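The numbers here are math on the coordinates, done by the rules we state, and not lab data. Just so it is clear, the model here is predicted, and its values are computed rather than measured. A quick note on method: Cβ atoms are made from the backbone with ideal geometry, for glycine too, and the neighbour counts reach across all protein chains shown.
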Amino acid sequence: MGYSSLVDYVRLSPNHSGERRYPITRITPHYAGGNVSIETLGDIFAPPERQASSQYGVGSDGRVGLYVDEDNRAWTSGSYDNDNRAVTIECANLEDGSLTDAAWETLVELCADICERNGKTRLVYRGSADYDGLADGDMLLTKHKWFQATDCPGPWLDTQFDRLADEVNERLGIPVPDELHGWAKSLEECRDAADYAYCTCVVYSCGYSQDDRKNLTFDLLRRGEAETDCSYGVNAWLYWGGLLDELIGFWTAIEIDYLVSKGFTLLPATVAPRRNDVLWRSGHTALYIGDGMQAEALWSEDHSFDGAPGDQTDGETLVREYPTGGWTYILRPPAKEEIEETGDGMLACIVEIEDDHSGYKAGARVLWTAEAGFEYINHPDSIKLLDDMSTYYTGKPLFRVKSSTKGPWIERLAQVTINDKTKGVVR
Ligand SMILES: [Zn+2]
């Protein structure tokens, strides 16, 4: 049995899968979509036919309900991957989606308690469910909407995850923010492509021009006279961040071939982006800079393709929220130490689920990569896209593995992925 001593009310729900399949490494705060009490949440999760539950509920009065023991997998996020790793918390919300001060205080306290009891020393929010670069002592914050078509955690809580991590970490007694949060505020402080992108677009307010796209240098940035366009900006940031060995000035039309030739991995834009991933669609490109944000050179001051020099507006190059949808591909840079090596391709397969098992429904398709673990694929077009890409680059569609109750190969793959600590893969 594992649960918080902060619990005020217990009503255990039958809606769970029994013992979770992975250690606790995530916390997923949800919003209840209404101002429900912890007793009402207990009622909601009680009937088996509801097929829904959460570990905890937090009421607007700041009290805590327990519905599923932390040792078990609750049915909260619609995701095998997430619910097997996460402690899930439903929070009562007011009409605008916000939490009362009492509920917020309790949420912070409860998250800190969950971290401490599960051997975690830091709560991390990085805008994706990606574990790369995290330490064993890190607990990751995830959002329901990353796994299912839902607006959960709602319009207000959705914007509070950075603050939640900071306040919880304060309780845990560690200094924040750390290097995963925020971006450099000057060229001298830049450590990666995302920092350079942020500085270009926000700190030095670079202008937009297709004709003068190469007017992007440290010198011009400092003088406030820099200009660039979407693809040259991405070129420069990758080059300055050490992810490309030259600055050739590619255009979007040749960008994919060029970056793949430099060891970048081409992925469908349905996967969760990571800091320093390149975003591409026909005619436009940008850089994902982490924390749910992208940086891009968009258009000139009069919304055309060419502006006059030195008349930069804040809207020419900018940082804004990463949209779900709108991009076709993600180009993921190779790990820095691999840049010098010749690319040996992505080790990947598609797992076809033949009957209900291991938390997946019959007919489900799951992409597995040695690097990132599992990505559930919810649209047949995504599979076709992956096969087309694989055929383009390797001459063959992706390898298929059929997994069933008799041969639950998806669990073997999960073991391979989780055991491979040498690569830092723990998801
Ligand atoms: Zn939710």
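Summary of values
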{"item": "Extended-chain gain in nm, criterion 0.36 nm per residue less alpha-carbon gap, Lys396 and Asp219", "result": "59.0 nm"}
{"item": "Of Lys145/Lys361; Lys120/Lys361; Lys145/Lys396; Lys361/Lys384; Lys361/Lys402, those spanning more than 23 Å from alpha-carbon to alpha-carbon", "result": "Lys120/Lys361; Lys145/Lys396"}
{"item": "The chain, helix-only ellipticity at 222 nm - DSSP H runs n ≥ 4, -39,500 (n - 2.57), divided by all residues, nearest 500", "result": "-7000 deg cm²/dmol"}
{"item": "GNM flexibility winner over the chain from Leu385, Leu140, Leu123 (Cα, springs under 10 Å)", "result": "Leu385"}
{"item": "Whole-Å distance, taken between Cα centres, linking the range 185-263 and the range 367-401", "result": "30"}
{"item": "Per-residue Cβ neighbour rank within 10 angstrom, fewest leading, Val319, Val87", "result": "Val319, Val87"}
{"item": "Cβ-placed point charges (K, R +1; D, E -1), dipole of the range 1-146 about Cα centre in debye, nearest 20", "result": "420"}
{"item": "Length-normalised contact order for the range 180-244 - Cα pairs under 8 Å, 6+ apart - percent", "result": "33"}
{"item": "Residues Cys349, Cys115, sorted so that the one with the fewest Cβ neighbours within 10 Å comes first", "result": "Cys349, Cys115"}
{"item": "Shape call, the range 82-202: gyration tensor on alpha carbons, a/c limit 1.5", "result": "prolate"}
{"item": "Mean separation of Cα contacts under 8 Å, 6 or more apart, over the residue count of the range 1-142: relative contact order %", "result": "30"}
{"item": "Residue order, fewest to most beta carbons within 10 Å, for Leu347, Leu331", "result": "Leu347, Leu331"}
{"item": "Proximal aspartates and glutamates to Lys406, defined as alpha-carbon separation beneath 12 angstrom and excluding residues fewer than eight positions away on the same chain", "result": "Glu354, Asp355, Asp356"}
{"item": "Pairwise centroid distance, computed over Cα atoms, of the range 122-160 with the range 26-64, Å", "result": "19"}
{"item": "Fraction of antiparallel bridges per DSSP, the chain only, in percent to nearest 5", "result": "60"}
{"item": "Whether the range 272-324 is rounded, prolate or oblate, judged on the alpha carbon gyration tensor where a/c under 1.5 counts as rounded", "result": "prolate"}
{"item": "Long-range amide H partners of Arg122 with built H, under 5 Å", "result": "Met139"}
{"item": "Degrees, to the nearest 10: 101-117 long Cα axis against longest axis of the chain", "result": "90"}
{"item": "Mean separation of Cα contacts under 8 Å (6+ apart) over length of the chain, as relative contact order %", "result": "12"}
